[in-house]
Amino acid sequence: MTPLQTLLGIELPIIQAPMAGVQGSALAIAVCSAGGLGSLPCAMLGADAIAKEVQAIRAQTPHPFNVNFFCHEPRAASAEREKAWRRALAPYYEELGLDVASVAAGPGPTPFSDETADVLEACRPAVVSFQFGLPAPALLDRVRGWGSKILSSATTVEEARWLEAHGVDAIIAQGLEAGGHRGIFLSDDLTTQVGTFALLPQVIDAVRVPVIAAGGIADAKGVAAALSLGAAGVQVGTAYLLCPEATTSAVHRAALKSENARHTALTNLFTGRPARAIVNRLMKELGPISDAPPAFPLATSAIAPLRAKAEGLGSGDFSPLWSGQNASGCKEVPAAQLTRDLAADLS
């Protein structure tokens, strides 16, 4: 038993990464049933939807599970920035027969709040995890008061030390290889980001709480390698994207199964915040990192119509095809089987 298994009450030191937009409760339930820690991404869910999904998990598994939230600092909308972004996207709107002027601005994912805490207080999940740092101390105290274990992601040693100082129970060391959003929160400098197996030992040496390795881990050998370096567990996301329990779109699934999955990059085009995705047309033509998109998460609303129209035509040209650098572990198998396969080399 690793310290993580003892801390979280799980059979296997495997955490399924919460992946907003490509999963719901079904994936979390399947992973929990196999002995891992299933995760429910809640950043894009309202209070009623969170309560419904948590109830579904509770009804189908007695095992601990994780609920995950963003805790970013909301940014005020900039009319000038939004205008520039729509101007950059206008040729694509014209190509697809859409009216860029009709796009309604939306708030996007909201950070963890008192309203969300009210919903969770009724169910008191075993684990609550955060991305982009931690919520305000008063909110964190509420979560801690229920007895929930608290996890958050660090992309640098400095972030790991900060998280430990603010009372997390375990730290997810997110290497540069990881798919989806970077957990970076103390800086916007992407040159600070390093690979998983460079970051992991440095974080382990810097903190006393259990450390979870994340990024580029796609099979049993990768899991065993992370644990041999001192990780208390691993967090795996990309490998689950082809499982039947995931809600990954058809164009996203096709991209993951193609040679294109070998070419990923950090991009801020889809949300305004750097995240790793399979390189597609939009990323090639605008450049993966651009000054054009509004601040996170305000870039999303102008991308959404392009994505919907293109996906309806079978194209992922404007879709966030989230993926880590190692998609080789993606399998079209039940998530429970994949979870057990990931732990196959552990004694």
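The values are calculated or read from the model by the stated rules, or taken from the named source; none is laboratory data. This one's a predicted model, so the numbers in the text were calculated from it and none came from an experiment. Reconstructed Cβ throughout: ideal geometry from the backbone, glycine too, with neighbour counts over all protein chains shown. These accessible areas exclude ligands, DNA and RNA; they are computed on the full protein's heavy atoms, side chains included. Shrake-Rupley method; radii C 1.70, N 1.55, O 1.52, S 1.80 Å.
Computed quantities for the displayed model
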| quantity | calculated |
| --- | --- |
| Residues of the range 311-330 that turn out to be assigned to a loop (DSSP other than H, G, I, E, B) and under 23 Å from ILE289 (Cα atoms), as a count | 12 |
| All strands (runs of 3 or more DSSP E) inside the range 220-308 with 1 or more residues being in contact with a Lys or Arg (Cβ under 7 Å, 6 or more places away or on another chain) | 264-267, 275-278 |
| Test result for SER328, within 20 Å of the chain's Cα centre (by Cα) and buried (at least 22 other Cβ atoms within 10 Å of the Cβ) | no |
| Filter result for VAL236 (in contact with an Asp or Glu (Cβ under 6 Å, 6 or more places away or on another chain), open to solvent by less than 40 Å² (accessible area, probe 1.4 Å) and more than 22 Å from LEU298 (Cβ to Cβ)) | no |
| Failed item in (1) of a type outside the set (S, T, N, Q); (2) open to solvent by 30 Å² or more (accessible area, probe 1.4 Å); (3) farther than 28 Å from ALA26 by Cα, with ARG307 passing the rest | (3) |
| Cross-chain or 6+ apart pairs with Cβ under 7 Å, the range 166-179 first and on the phi > 0 side of the Ramachandran plot, then outside any strand (DSSP E or B) and of a type in the set (A, V, I, L, M) | GLY167/LEU140 |
| For ALA344: the one exception among (1) open to solvent by less than 30 Å² (accessible area, probe 1.4 Å); (2) more than 20 Å from the chain's Cα centre (by Cα); (3) within 16 Å of GLN235 (Cα to Cα) | (1) |
| The range 72-93: number of residues that are among the hydroxyl-bearing types (Ser, Thr, Tyr) and in contact with a helix residue (DSSP H, G or I) (Cβ under 8 Å, 6 or more places away or on another chain) | 2 |
| The lone exception for LEU229 - which of (1) hydrophobic (A, V, I, L, M, F, W, C); (2) open to solvent by 30 Å² or more (accessible area, probe 1.4 Å); (3) out of contact with any Ser or Thr (no Cβ under 9 Å at 6 or more places or on another chain); (4) touching a residue at least 40 places away in the same chain (Cβ under 8 Å) it fails | (4) |
| Contacts under 6 angstrom Cβ, first residue in the range 77-88 being open to solvent by less than 90 Å² (accessible area, probe 1.4 Å), partner assigned to a helix (DSSP H, G or I), 6 or more apart | TRP85/ALA302; ARG86/VAL100; ARG86/ALA302 |
| Long-range neighbours under 8 Å by Cβ, at least six apart or interchain, first residue over 7 Å from ASN66 (Cα atoms) within the range 123-138, second surrounded by fewer than 17 Cβ atoms within 10 Å (Cβ to Cβ) and among the aliphatic types (A, V, I, L, M) | CYS123/ALA51; GLY133/LEU186 |
| Options ALA254, ALA277; residue that is surrounded by 22 or more Cβ atoms within 10 Å (Cβ to Cβ), of a type in the set (A, V, I, L, M, F, W, C) and modelled with pLDDT of 95 or more | ALA277 |
| Hey, LEU286 more than 17 Å from ARG182 (Cβ to Cβ), in contact (Cβ under 8 Å) with a residue 40 or more places away in the chain, open to solvent by 50 Å² or more (accessible area, probe 1.4 Å) and in contact with a Leu (Cβ under 8 Å, 6 or more places away or on another chain) or not | yes |
| Boolean, PRO109 is in contact with a strand residue (DSSP E or B) (Cβ under 9 Å, 6 or more places away or on another chain) and more than 24 Å from LEU7 (Cβ to Cβ) | yes |
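Yes/no matrix, rows are residues, columns are (1) modelled with pLDDT under 95; (2) of a type in the set (D, E, K, R); (3) open to solvent by less than 20 Å² (accessible area, probe 1.4 Å):
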site	(1), (2), (3)
MET1	yes, no, no
THR6	no, no, no
LEU12	no, no, no
PRO18	no, no, no
LEU27	no, no, yes
VAL31	no, no, yes
ALA34	no, no, yes
LEU37	no, no, yes
LEU40	no, no, yes
